[in-house]
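**Q** First, the structure itself, so that you have it in front of you.
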Amino acid sequence: MVERARRGYVQIVKRQVPHAVLSWRYFVPGQHHMVQLHKRSFLALWTTRPWVLWSAVALYSYAVWYFFYAWRQSLGAWRRHSANLLLHAGVPRARQARDLLVLALLHSTPPVFYYRYRLYAYPEQQWLNFVYTHELPHWHRILSPDIGDRSQSLMTQKNDFSVEMARRGLPSVPTHDRVEVAEAMSKDTLFRQRSVFLKPDVGSRKGGCYALVYQPNTRAYHLQGAHHDRVISQDQILDYLGKNRLAQVYLLQPLLKNHSRLEAHFQITALIVVRIVTVMVSGAPKAICAQLEVPIEGQFEYVNSFKIDLETGRLCSVADDLGMDHEATQRLNVLSQFDVPFWSAVVSLAEKAHQSFGDIYSVGWDIAITPDGLRLIEGNLNWAVAVHQGHGDVFNLQA
């Protein structure tokens with residue numbers, strides 16, 4: 001009860017963005033189908049709880065947004081970015097201020113997306129061609145309204161997913177060991193003179209994950225995680241994991257390595273992953289966008305993302321980011337001069353994997369390119385849209 005009250009406080013009282021896009025275009029006939037999808041996403045939000053509860057939540061949430069957060073966030077975004085946008089793109093600061101208020105007040109959308117998605121390059125009537133992260137869970141739900149228990153389970157349970165993909169002849173990541181919730185990790189489980197990746201059976205975005213790197217020359221182990229990156233003794237590793245592992249089942253899987261071409265070009269040993277999104281079109285999976293996620297050295301959870309041309313597998317140049325200095329942009333553009341190896345096989349693997357989930361409209365797949373070939377790491381139902389759209393992908397989704 002206390003935990004539910006705490007979550008409610010965070011999700012309602014402390015929330016600084018609306019729960020979904022509420023646009024004036026919902027009330028105008030003849031709008032683009034993407035506007036209709038946004039409207040359906042907004043309406044779907046209020047069907048997940050009793051209407052009396054959600055009515056109260058909506059009144060509070062949108063009142064706070066329109067009378068406080070919309071103005072505050074618009075001013076903050078304008079102060080942070082307007083001068084740079086004027087300098088780099090010549091967009092007058094007065095026009096930016098007007099556009100930010102239109103986005104925040106007439107579309108109830110956080111104004112930071114004006115810069116993140118480069119909305120200044122599009123007319124206002126096209127702004128709802130984009131998907132925004134504050135509406136993301138509801139958006140995915142309306143696109144895939146009839147997900148079965150099997151698909152939901154396989155997309156949630158990483159070990160079951162891996163076993164099922166292997167059963168279908170697709171190259172997944174096997175599990176060495178499984179540590180149950182009440183089971184302590186032991187030396188016999190962890191320290192077998194091999195490198196392993198530890199992750200929760202249910203999780204996302206590397207939350208609670210660790211890389212345990214074995215160094216044969218010294219027979220030492222190096223634990224890497226979001227807040228831990230140093231060589232320590234086996235006893236210290238066990239003590240650290242005992243105190244910090246999440247209260248759920250953990251999987252120990254092989255620590256994948258990068259293909260030699262990736263490692264040589266990016267000069268990094270941390271695993272580089274292809275995130276490729278597929279959608280169902282007339283009953284057949286089709287890739288619609290992809291990016292290469294390259295870890296930032298020394299930062300376990302953060303990556304540099306490069307858009308991949310779907311036809312050629314070539315990385316695209318990085319557009320100037322208002323929050324990134326020119327030298328950093330130039331360095332990333334040097335790295336973008338690269339063709340992803342085995343690209344046609346990567347696309348084929350993602351589309352074949354999606355064939356097993358005909359009741360899901362869209363999936364974001366994580367695929368590794370290793371010295372031993374491709375490895376399908378996982379599929380994501382609630383895949384992130386912001387990075388793809390920040391790279392210039394404008395979705396034309398159907399439902």
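**Q** Expressed as cubic angstrom per residue, what is the convex hull volume of the alpha carbon set of the chain?
**A** 169 Å³
**Q** Considering Cα pairs under 8 angstrom that are at least six residues apart, work out the relative contact order of the chain and quote it in whole percent.
**A** 17 percent
**Q** Each residue of the range 313-318 in order: what ³J(HN,Hα) in whole Hz does its phi give by Karplus 6.51 cos²θ - 1.76 cosθ + 1.60, θ = phi - 60°, with x for Gly and Pro?
**A** x, 8, 6, 9, 4, 7
**Q** Just to compare against my own numbers: the Cα pair-distance distribution for the range 177-254, 10 Å bins, whole % per bin, please.
**A** 19, 59, 21, 1
**Q** With Kirkwood's inverse mean 1/r over C-alpha pairs for Rh, give me the Rg to Rh ratio of the range 116-180, two decimals please.
**A** So for the range 116-180, dividing Rg by the Kirkwood Rh gives 1.20.
**Q** What do you get for the angle between helix 33-45 and the principal long axis of the chain? Use alpha-carbon atoms, 0 to 90 degrees, nearest ten.
**A** 80 degrees
**Q** Hey, which lysines would be in cross-link range of residue 206, C-alpha to C-alpha under 19 Å, not counting anything within fewer than 8 residues on its own chain?
**A** Within the straight-line limit of under 19 Å, residue 206 reaches these lysines: 158, 243, 257.
**Q** What list of ³J(HN,Hα) values in whole Hz, one per residue of the range 149-162 in order, does the Karplus curve 6.51 cos²θ - 1.76 cosθ + 1.60 (θ = phi - 60°) give from phi, with Gly and Pro shown as x?
**A** After applying 6.51 cos²θ - 1.76 cosθ + 1.60, I find 4, 4, 5, 4, 5, 5, 6, 8, 8, 5, 5, 4, 4, 4 Hz.
**Q** For every helix of n ≥ 4 consecutive DSSP H residues, a contribution of -39,500 (n - 2.57) applies; sum these over the chain, divide by its total residues, and give [θ] at 222 nm rounded to the nearest 500 deg cm²/dmol.
**A** Value at 222 nm, helices only, nearest 500: -10500 deg cm²/dmol.
**Q** Can you list, largest first and rounded to whole Å, the semi-axes you get for the range 2-136 by taking the square root of 5 times each eigenvalue of its Cα gyration tensor?
**A** 28, 19, 11
**Q** How big is the charge dipole of the range 221-308 about its Cα centre, in debye rounded to the nearest 20, if each Lys and Arg gets +1 on its Cβ and each Asp and Glu gets -1 on its Cβ?
**A** In total the dipole reaches around 360 debye.
Each reported figure results from applying straightforward, stated rules to the coordinates on display, with no laboratory input. The structure presented is a predicted model; accordingly, all values stated were derived computationally and were not measured. Positions of Cβ are generated from backbone atoms using ideal geometry, with glycine treated the same way; all protein chains shown enter the neighbour counts.
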